[in-house]
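Read the structure below first, then the notes.
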Amino acid sequence: MRILLTGAAGFLGSHLTDHLLDAGNEVVGMDNFITGKSENLAHLADNPRFKFIQHDVSNYIFVPGNLDAVLHFASPASPNPNSPVGYPNLPIQTMKAGALGTHNSLGIAKANNARFMLASTSEIYGDPLEHPQSETYWGHVDPIGERSVYDEAKRFAEALTMAYHRFHGVNTCIVRIFNTYGPRMHIDDGRAVPNFLKQALRGDALTIYGDGKQTRSFCYVDDLIEGILRLLSSDVHDPVNIGNSTETSILEIAESINKLIKNSAGLEFKENLRGEGDPQRRQPDISRAQEILGWSPKILFEDGIALTLEHFKKQLGIK
Ligand code: NAD
Ligand code: UDP
């Protein structure tokens, strides 16, 4: 297949590019580097099946030649207001990537009669009142809070994707991605796992926002990519949750990272700047992915962290 992947220079986009190339596909990567990095794709410079186009997907997208699939992953993704790449600091770009970027990506998919995939998110469930979250849950989302620029853009993107499927017959699919971590996350990304790894490797205390009792369910990147590839090659159109269903409190995550890295600086409790918008609980119901894609995550948190650690050591110049 010849595949257009937006957001290719980002964390997930660069891993997905590697896996798609390994499977024998041609990939056209597109990115404007607003939160991604060219280093994530540097190893592909000599690959004849990889092309790169620097472009902002909020503007009309043109790619010469036929495309068999369009995967729309371009969007800032970190909710951390302390991070330069966090979407609270890029609110308009985030809304444009989710709204205009999705429209342009669907447009080029339609013109090529290509399979289209939207990278959606567990954030469309908001601060969920149903637990765990299954695809049939409609969510509990603040339409005007700090997170709304991301959450509502992704909800709009899902609605637009279904409209192109129903009205134009485009062969679409929607992956609702839950918290994923791994190598190539931006060192200043500000999400929990990269923040904790950076702090622990520097021998600093790990910053816990609020009381740390809020929960998340963390998936290692290779597991997620396997689910994405299975969804891409299926004929499913309804949204599918892909994530790890092991639910852990942020406190437990921080303590286990300190233990693994033998960091004795402990924890530092800070005011949660994300306030009430910070979801209290999050855990995917993955029965749909298990049933229709035969997919389940395999990698344990400790093993995934060990693999991620090497990347962060290199970034920080630690041997
Ligand atoms: P990332 O910031 O590492 O990657 C996003 C990429 O998109 C970056 O390379 C960035 O430069 C690019 N980009 C952003 N706006 C663009 C624009 N207008 N034009 C061109 N390129 C643009 O983040 P990530 O974690 O890899 O997330 C990738 C996708 O997956 C996003 O759509 C995100 O919403 C979704 N997602 C990720 C997670 C996760 O846990 N990592 C969870 C849910 C959803
Ligand atoms: N968090 C934290 N300390 C940090 C970074 C994050 O306590 O240094 C908390 C954050 O408030 C949230 C959870 O960890 O409750 C997960 O945050 P992350 O940014 O990883 O992703 P989210 O699931 O909120 O999108």
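Where a number appears in this text, it was derived from the coordinates with a stated rule and is not lab data. Keep in mind that what you see is a predicted model, and the values were worked out from it rather than measured. Virtual Cβ from ideal backbone geometry, glycine too; neighbours counted across all protein chains shown.
Between the Cα long axis of helix 221-232 and the first principal axis of the chain there is an angle of about 20°, rounded to the nearest 10.
Within 15 Å, Cβ to Cβ, of Arg147, how many net charges do the neighbouring residues add up to if Lys/Arg are +1 and Asp/Glu are -1? Combined, the nearby Lys, Arg, Asp and Glu give -2. Please give me the summed charge of the neighbours of Gln54: other residues whose Cβ is under 13 Å from its Cβ, Lys and Arg +1, Asp and Glu -1. Summing Lys/Arg as +1 and Asp/Glu as -1 gives 0. Evaluating 6.51 cos²θ - 1.76 cosθ + 1.60 at θ = phi - 60° for every residue in the range 299-311, the Karplus couplings come out as 8, 6, 4, 4, 5, x, 5, 4, 5, 6, 3, 4, 4 Hz, glycine and proline recorded as x. Applying the Karplus relation 6.51 cos²θ - 1.76 cosθ + 1.60 with θ = phi - 60° to the range 42-56 yields 3J(HN,Hα) values of 4, 5, 9, 3, 9, 7, x, 8, 10, 10, 10, 10, 7, 6, 8 Hz, where x marks Gly and Pro. The modelled label-to-label distance for the pair His140/Ser264, using points 7 Å beyond Cα in the direction of Cβ, is 4.3 nm. Partner lysines whose Cα lies under 17 Å from the Cα of Lys37, excluding those fewer than 8 positions away in the same chain, are identified as Lys51, Lys314. Excluding same-chain neighbours fewer than eight residues apart, the lysines reachable from Lys270 by a Cα-Cα span under 16 Å are Lys213. Averaging the sequence gap over all C-alpha pairs within less than 8 Å and six or more residues apart, then dividing by the number of residues, gives the chain a relative contact order of 17 percent. Ranked by the mean number of other Cβ atoms within 10 Å of their residues, highest first, the peptides 304-310, 166-172, 113-119 fall in the order 113-119, 304-310, 166-172. Applying the Karplus relation 6.51 cos²θ - 1.76 cosθ + 1.60 with θ = phi - 60° to the range 192-197 yields 3J(HN,Hα) values of 4, 5, x, 4, 5, 5 Hz, where x marks Gly and Pro. Modelled spin-label separation between Lys313 and Asn272, with each label point placed 7 Å from Cα along the Cα-to-Cβ direction: 3.4 nm. Remark: Ser122, Ser256 ranked as Ser256, Ser122, counting other beta-carbon atoms within 10 Å and listing the fewest first.
Rounded to the nearest 10 degrees, the angle from helix 11-22 to the longest Cα principal axis of the chain is 50 degrees.
Among Trp138, Trp295, the ranking by other beta carbons within 10 Å of each residue's beta carbon, starting with the fewest, stands as Trp138, Trp295. Express the relative contact order of the range 109-253 as a whole percentage, based on alpha carbon pairs under 8 Å and six or more residues apart in sequence. After rounding, I find 27 percent. Per-residue ellipticity at 222 nm computed for the chain from its helices equals -11500 deg cm²/dmol, with DSSP H segments shorter than 4 residues left out and the rest contributing -39,500 (n - 2.57). For the pair the range 243-302 and the range 202-241, the centres of their Cα atoms are 8 angstrom apart. Note on Asn89 and Thr248: their simple-model spin labels are 2.7 nm apart, each label 7 Å out from Cα toward Cβ. Taking a straight line from the alpha carbon of Lys259, these aspartates and glutamates sit under 17 Å away, with near neighbours fewer than eight places off in the same chain left out: Asp204, Glu268, Glu302, Asp303, Glu310. Each DSSP beta bridge with both residues in the chain is either parallel or antiparallel, and the antiparallel ones are about 5%. Shape call for the range 103-153 from the C-alpha gyration tensor, a ≥ b ≥ c root eigenvalues: rounded (a/c under 1.5), prolate (a/b greater than b/c) or oblate? Since a/c reaches 1.5 but b/c is at least a/b, the shape of the range 103-153 is classed as oblate.
Amide H to amide H, which residues 5 or more places from Asp285 or on other chains are under 5 Å from it, using H placed in the peptide plane? Hits under the 5 Å cutoff: Gln133, Ser134.
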